[in-house]
């Protein structure tokens, strides 16, 4: 009798695991929306002031980076799990070019050499900083990357935006970004 219950429990757990794997695949493929709306980041109000490292190994705080301009767009991503980054990277460069808004990439990665090689290969049009501890990713509890977060000079989060793969979704991006800056 005891072994039957173990088998039933194992079958149930396997079923849950398969459902989660399928759901994760659908989210990454863009078939369904993220489980959490980006608006949850607005409740946090303040960007966490964690240290990040640039390509030369110099460390700086996120709030220091945000304080250099009236508004700054931070792009949070994990290069090992970011298929949307390839499609969106030109959008990030356009933000900087079109409206003179500083755009800074914050990448979570345990291996700095791998990250910098990835940034070079992707021809990233923005400055990228490294979070080797994954502290930012864990604090903000990302559901999907890249997550675009607009902050003011004090680091207050005033707008958050999910990945935008289809071209039609990017058209609305400019209108929403303009509204957020006003």
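Remarks
- Backbone N within region 125-160 under 11 Å of label point (7 Å from residue 97 Cα along the Cβ vector): 125
- Calculated FRET efficiency, residue 112 to residue 176, Cβ-Cβ distance, R0 = 35 Å: about 0.55 to the nearest 0.05.
- All Cα pairs of region 116-182, percent lying beyond 13 Å: 75 percent
- Across region 95-118, the residues whose backbone nitrogen lies under 20 Å from the label position 7 Å along the beta-carbon direction of residue 127 are 95-109, 112-113, 115-118.
- The protection proxy used here, the mean number of other Cβ atoms lying within 10 Å of each residue, ranks peptides 146-153, 80-87 as follows, highest first: 146-153, 80-87.
- Each principal axis of the Cα cloud of region 36-181 was taken in turn, and the coordinate range along them, longest first, works out to 37, 30, 30 Å.
- Per-residue Cβ neighbour rank within 10 angstrom, fewest leading, 53, 154, 145: 154, 53, 145
Taken together, the values in this text are just the output of simple stated rules run on the coordinates, not laboratory data. None of the values given here were measured: they were computed from a predicted structure. Here the Cβ is made from the backbone with ideal geometry for all residues, glycine too, and neighbour counts use every protein chain on show.
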